[in-house]
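Trainee: My questions will all concern the structure given below.
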Amino acid sequence: MPLSVATLSIITVRPAARRWALARMGTVPAQLRRVPGLGFHKLLGSGFDFGLRPNFQRYGFMASWADEAAAQAFFAQDPVWQAYQQRSQELWTAYLAPLQAHGLWDGLAPFGASAASAAPDAPVAVLTRASIRPLRAWSFWRAVPPVSRTVAAAPGLLAAIGLGELPIVRQATFSLWESGRQMQQYAYGAQHEGRHRDVVRRTRQEGWYSEELFARFAVQRTEGLWDGRNPLPLS
């Protein structure tokens, strides 16, 4: 059953730990399966500017939990997380309550509905994820730069990152917004609807994805630093 508490962490390791962090991508998943209260989880790599050039210092950790206490216990004392703390120059985590989710990730619907609600002017986070068909990867990546530029300039955007499980074909994005209203204005407003809606239309018409997921979250609280600051200092 999907769990109703989620977290997204951005991990920026020290330059000297880049090889260590890359190797952990293969070893950590087995360790995480033993964490009490941890449900669906993904350790993700990242790329510069949503693109194909990998960033070997920055990683993402997406997870759903039995309850917030399980998440707090993991971040406070689990050896897996402590190893990242010891080798990181920055760590940032958002506690999230799912508001809306549709689609699948590895055949699962990982984010259940919670009791949370969000006023139009409350902060929200958005996760998109897709498995890109190999024969459609070139079309997908040609469409990324123009859309990325409009996202970066969107009013209300606080932070955004491109994440991935596998290079080129298994990609995700996470974005943090001042309000749900501003996120909706970017996604559906007249200023950006040409590029954004054209890409959405093409994904359907050309069958870019074999699997996809969209999820929107209320941001309950955040902690730590991402690029030298907390982009949404809630507590």
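The values are calculated or read from the model by the stated rules, or taken from the named source; none is laboratory data. Remember, it's a predicted structure, so these values are computed and weren't measured experimentally. We place every Cβ from the backbone using ideal geometry, glycine too, and count neighbours over all the protein chains shown.
Trainee: Name the strands (runs of 3 or more DSSP E) wholly inside the stretch 1-89 in which the number of residues that are aromatic (Phe, Trp, Tyr) is 1 or more.
Mentor: Fully inside the stretch 1-89 and qualifying: 38-47, 58-65.
Trainee: Taking Glu68, is it modelled with pLDDT of 95 or more and within 16 Å of Thr222 (Cβ to Cβ)?
Mentor: no
Trainee: Follow-up question, since we're still on this one. Name the residues in the stretch 180-233 that are modelled with pLDDT under 65, closer than 26 Å to Ala97 by Cα and surrounded by fewer than 17 Cβ atoms within 10 Å (Cβ to Cβ), would you?
Mentor: Val200
Trainee: In the stretch 106-133, which residues are loosely packed, with under 15 Cβ neighbours inside 10 Å, out of contact with any Gly (no Cβ under 9 Å at 6 or more places or on another chain) and either modelled with pLDDT under 80 or assigned to a loop (DSSP other than H, G, I, E, B) (or both)?
Mentor: Selection gives Asp106, Gly107, Ala113, Ala115, Ser117.
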